[in-house]
1. Report the gain in length on full extension from Ser147 to Glu112: 0.36 nm times residue separation, minus Cα-Cα distance, nm rounded to one decimal.
2. Can you show me the helix-derived [θ] at 222 nm for the chain, built from DSSP H runs with n ≥ 4 at -39,500 (n - 2.57) apiece and divided by the number of residues, rounded to the nearest 500.
3. If packing is taken as the mean number of other Cβ atoms within 10 Å per residue, what is the order of 48-57, 167-176, highest first?
4. Using only Cα atoms, find the angle between the long axis of helix 140-151 and the longest principal axis of the chain, and express it within 0 to 90 degrees, rounded to the nearest 10.
5. Under 11 Å from the Cβ of His75, count the other residues' Cβ atoms, weight Lys and Arg +1, Asp and Glu -1, and hand me the total.
6. Applying a 10 Å radius around every beta-carbon, put 89-95, 69-75 in order of their mean neighbour count, most first.
7. Take the Cα pairs of the chain, get the Kirkwood Rh, then feed it into Stokes-Einstein at 37 °C and 0.692 mPa s and tell me D in µm²/s.
8. Each residue of the stretch 7-15 in turn: what ³J(HN,Hα) in whole Hz from Karplus with 6.51, -1.76, 1.60 and θ = phi - 60°, glycine and Pro shown as x?
Amino acid sequence: MKSLCVYCGSSFGHSPVHAAVARALAAELVGSGIALVYGGGDIGLMGVVADEVMRLGGEATGVIPKALMEKEVGHMGLTRLHIVKDMHERKAMMMELSDGFIALPGGLGTLEELFEVLTWAQLGYHAKPVGVLNAQGFFDGLIGFVSHQVSQGFVQQAHADLMLVETEPAGLLQRFREFYARGAVLPPKV
Ligand code: AMP
């Protein structure tokens, strides 16, 4: 794995634990020689992850729509910042540049990005690992709801299982390595 995409909040959240987890993930990426791909902003957890990667001497690539350069404060201290036309181009480029995807705590934008990349895996558009870093049980409700969807017959268990869940950055990266070691097995086409 050369680069991983991190989806996360443009806010910090109320607890300082979230920023600590973001920094821990950044350290794990840099320590593993993996470059960061993210939304390119300098606010909230997005800024925290990118700042930490850069501080530790890693590589960070941001992808930000022109219209969000001001609102999300395009990060000027990255290895590279791609300024793209719109949100669609941003998400497509982030997906293209990355060997896997990790969601940290965030808001609606983070969920949108996580579920887009999961549904694209479900449809077989890519065969890259997707995971959530469920530190302090932040994603418990979401994981429970996906289980509810499975039990109600709306999501296949194999597709729910595409969302890898770990509580520690090292554990999640290990799951990603195992995913590649097994060979990327595409889920059944729907
Ligand atoms: P949030 O989790 O809402 O704080 O947003 C985190 C990131 O997701 C920010 O960079 C947002 O610009 C981005 N985002 C918000 N809505 C969308 C969307 N529809 N598609 C892609 N990214 C989005």
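Each value in this text was obtained by applying a stated rule to the coordinates, not by laboratory testing. Keep in mind that this is a model prediction, so the values were computed, not measured. Cβ atoms come from the backbone with ideal geometry, glycine included; neighbour counts cover every protein chain shown.
1. Details: separation 35, 0.36 × 35 = 12.60 nm, distance 1.83 nm.
Length gained, Ser147 through Glu112: 10.8 nm.
2. Numbers: 7 runs with 83 residues, N = 190.
Helix contribution divided over all residues of the chain: -13500 deg cm²/dmol.
3. Details: 48-57: 19.4, 167-176: 17.8.
Ranking the peptides 48-57, 167-176 by packing returns 48-57, 167-176.
4. Here the helix axis deviates by roughly 30 degrees.
5. On the way: positive: Arg80; negative: Asp42, Asp51, Glu72.
That works out to -2.
6. Numbers: 89-95: 18.6, 69-75: 16.0.
In decreasing order of mean packing, 89-95, 69-75 become 89-95, 69-75.
7. Numbers: Rh = 16.5 Å.
Rounded, D is 199 µm²/s.
8. Here the 3J(HN,Hα) series is 9, 6, x, 8, 10, 8, x, 7, 9 Hz.
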